[in-house]
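Worksheet: the structure to be examined is printed underneath.
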Amino acid sequence: MTRFCLGHESSSQALAARVESRRQVLRTLRYQDSFSGREPHTRPRSRYHPPVIQFHLDPVSGVATYLQIVQQVKEALRLGTIEVGDQLPTVREVVADLAINPNTVAKAYRSLESEGLVVARQGRGTFISSTLAPPSLRHHDALRAELELWLASAVRAGLEDESIRALISATLRQTRSRRVA
Amino acid sequence: MTPALDARALGKRFRRAWGLRDCTLTIPQGAIVGLAGPNAAGKSTLLALAAGLLAPTEGSIAVLGCDPLREPSVLADVGFVPQGAPLYRSFTVGQAIEFARRTNPRWDAMIVASVLGRLGARTKVGALSAAERTQLALALVLGKRPRLLLLDEPFGGLDPFARREFLKLLMDGVAETSATVVIASHVMAEIERVCDDIVLLAGGSVRLEGRVESLLESHRILMGPRRPIGTIRGVREIVRERHSDRQLTLLVLSDGPIVDPSWTVERVGLEELLLAYLAPPERLQPPKPPERLPLQWHG
């Protein structure tokens, strides 16, 4: 019994060593990859940098999982938090993060690809190839600052979050119909 | 491509009762399928038949194009984790791995190491927690790089946190091996999260099957005041009716938008949808006269 244990221990150590050395090789390869042969408009992400976007799931929303991923990418594009050339997290990364089916992630990425927002590069990952951010994005900071001021005065006036949201969407509807008319 | 699992009029009789009867089912390769159903629905029987542990009483089953009993060599491509992940309790984790490595023609030490994580090789299997034992079973079964993975109630005894961790490891393993997976489970939330397709078994036969997404898309809950139900536009079939004295709640299979404004239309969750298909048909009974308290006079 003891002998078996000992014998086994050494093989598990050997295994760990093999795993570690293979990881080391992979790291080196990836590091070298990041210097050579990359196309100018893609920015391969280093293994140690966090992904540009982290997906989250709302299980009770009733929206299909792949659509939630698609929507979150689009939203980030609209807000300018991700831009052309950025690499989306790999399927494996999303799967390990959210515990969802790899097919679902692949489906979301395919859907984004068919809309022309991303390109998949064989063996390298999925990259943003087009943007949804309006050209007015540079005005966002100033607008946000004004909105924050307005929100502060709304809170002072005793409005709660829901009333604020209702007021904003009602006003938006109104001005839109006026513009159309 | 040959389907991962192909059952034709499959039946298995135990001494007195049928565990599975007239089950016809095709699972394509690469799919992740949830096998749902109440206890004694035939889930474990179906998995055991697919794993070549039981012989069919009638009909046939093919796994990756082969009969698992006549051509047992196909079983090298099939990974099966039975309920409760039974392992030799007196082995250490390292011994269990060594045993599996020597008894399988193919062995992927990398994937085993990545699934095992920090689990110590010298710990006795009997001393592992339920979550750790399931983790070890998953490592062992992924180590043989199966093309078809059969998991019988893998979430049994796991808390929600451990379930999620298990799913992460499983899905990562699936992304690595691109195996077809069949998960038999009661835990609908997890099934809904990962499965492409769902098969609902009840009383030994298939009650419902389809893509999770399209099932959720094609079913709706309608709520409205109680009335005789005629035909409703956009409704193909009423799956379940429920009513109080005033209200009527229908779970329907729809084939178009439901525009009638007198109905409130809502989406339905997978769990409720499956429960509706399991329930015995509950037909509309004539309305009871509303119960009223006798008037009381206070002088």
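The values are calculated or read from the model by the stated rules, or taken from the named source; none is laboratory data. The structure presented is a predicted model; accordingly, all values stated were derived computationally and were not measured. Cβ: placed from backbone, ideal geometry, glycine included. Neighbour counts: every protein chain shown.
Can B:LEU222 be described as surrounded by 12 or more Cβ atoms within 10 Å (Cβ to Cβ), out of contact with any Leu (no Cβ under 7 Å at 6 or more places or on another chain) and either closer than 30 Å to B:LEU47 by Cβ or among the hydrophobic types (A, V, I, L, M, F, W, C) (or both)?
The answer is no for B:LEU222.
Taking the range B:140-175 as the region of interest, how many residues are touching a residue at least 24 places away in the same chain (Cβ under 8 Å) and closer than 23 Å to B:LEU5 by Cα?
Going through the range B:140-175 one residue at a time, the tally reaches 21.
State whether the residues of the range A:148-169 include one that is of a type in the set (A, V, I, L, M, F, W, C) and not in a helix (DSSP H, G or I).
Checked the range A:148-169: at least one residue is of a type in the set (A, V, I, L, M, F, W, C) and not in a helix (DSSP H, G or I).
Go through B:ALA189, B:ALA179, B:ALA113 for me and flag whichever is crowded, with 18+ Cβ neighbours inside 10 Å, of a type in the set (Gly, Ala, Ser), more than 22 Å from B:ALA51 (Cβ to Cβ) and within 11 Å of another protein chain (Cβ to nearest Cβ).
Criteria check complete, one pass: B:ALA113.
How many of the residues in the range B:192-214 are within 17 Å of B:PRO28 (Cβ to Cβ) and either aliphatic (A, V, I, L, M) or assigned to a loop (DSSP other than H, G, I, E, B) (or both)?
So the answer is 7.
Restricting the range A:61-102 to residues that are in a loop (DSSP other than H, G, I, E, B) and at the interface with chain B (Cβ under 8 Å from one of its Cβ atoms), which is farthest from the chain's Cα centre (by Cα)?
Taking the candidates together, the pick is A:GLY62.
How about the range A:50-60: which of its residues are more than 14 Å from every other protein chain (Cβ to nearest Cβ) and loosely packed, with under 14 Cβ neighbours inside 10 Å?
Those that are more than 14 Å from every other protein chain (Cβ to nearest Cβ) and loosely packed, with under 14 Cβ neighbours inside 10 Å: A:PRO50, A:GLN54.
For residues that are more than 27 Å from B:SER114 (Cα to Cα) and touching a helix residue (DSSP H, G or I) at 6+ places or on another chain (Cβ under 6 Å), scanning just the range A:80-111, find the one that is surrounded by the most Cβ atoms within 10 Å (Cβ to Cβ).
Among those that are more than 27 Å from B:SER114 (Cα to Cα) and touching a helix residue (DSSP H, G or I) at 6+ places or on another chain (Cβ under 6 Å), it is A:ILE82.
With the condition kept exactly as written, say whether any residue in the range B:204-227 is within 14 Å of chain A (Cβ to nearest Cβ), farther than 20 Å from B:LEU270 by Cα and not small (Gly, Ala, Ser).
no
With the condition kept exactly as written, say whether any residue in the range B:121-137 is surrounded by fewer than 20 Cβ atoms within 10 Å (Cβ to Cβ) and within 10 Å of chain A (Cβ to nearest Cβ).
Scanning the range B:121-137, I find at least one residue that is surrounded by fewer than 20 Cβ atoms within 10 Å (Cβ to Cβ) and within 10 Å of chain A (Cβ to nearest Cβ), so the answer is yes.
I want to confirm something. Restricting to the range B:143-169 and keeping residues that are more than 8 Å from chain A (Cβ to nearest Cβ), of a type in the set (A, V, I, L, M, F, W, C) and in a helix (DSSP H, G or I), which single residue is surrounded by the fewest Cβ atoms within 10 Å (Cβ to Cβ)?
The residue in question is B:PHE161.
List pairs: first in the range B:84-108 and within 14 Å of another protein chain (Cβ to nearest Cβ), second assigned to a helix (DSSP H, G or I) and of a type in the set (D, E, K, R), Cβ under 7 Å, 6+ apart or cross-chain?
The qualifying pairs are B:GLY94/A:GLU9; B:TRP107/B:ARG101.
Of these, B:LEU284, B:LEU248, which one is among the hydrophobic types (A, V, I, L, M, F, W, C), modelled with pLDDT under 55 and more than 27 Å from B:ALA41 (Cβ to Cβ)?
Going through B:LEU284, B:LEU248 in turn, just one is among the hydrophobic types (A, V, I, L, M, F, W, C), modelled with pLDDT under 55 and more than 27 Å from B:ALA41 (Cβ to Cβ): B:LEU284.
Looking at the structure I just gave you, is B:ALA184 of a type in the set (A, V, I, L, M, F, W, C), away from every other protein chain (no Cβ under 14 Å) and surrounded by fewer than 23 Cβ atoms within 10 Å (Cβ to Cβ)?
When the stated conditions are applied, B:ALA184 does not pass them.
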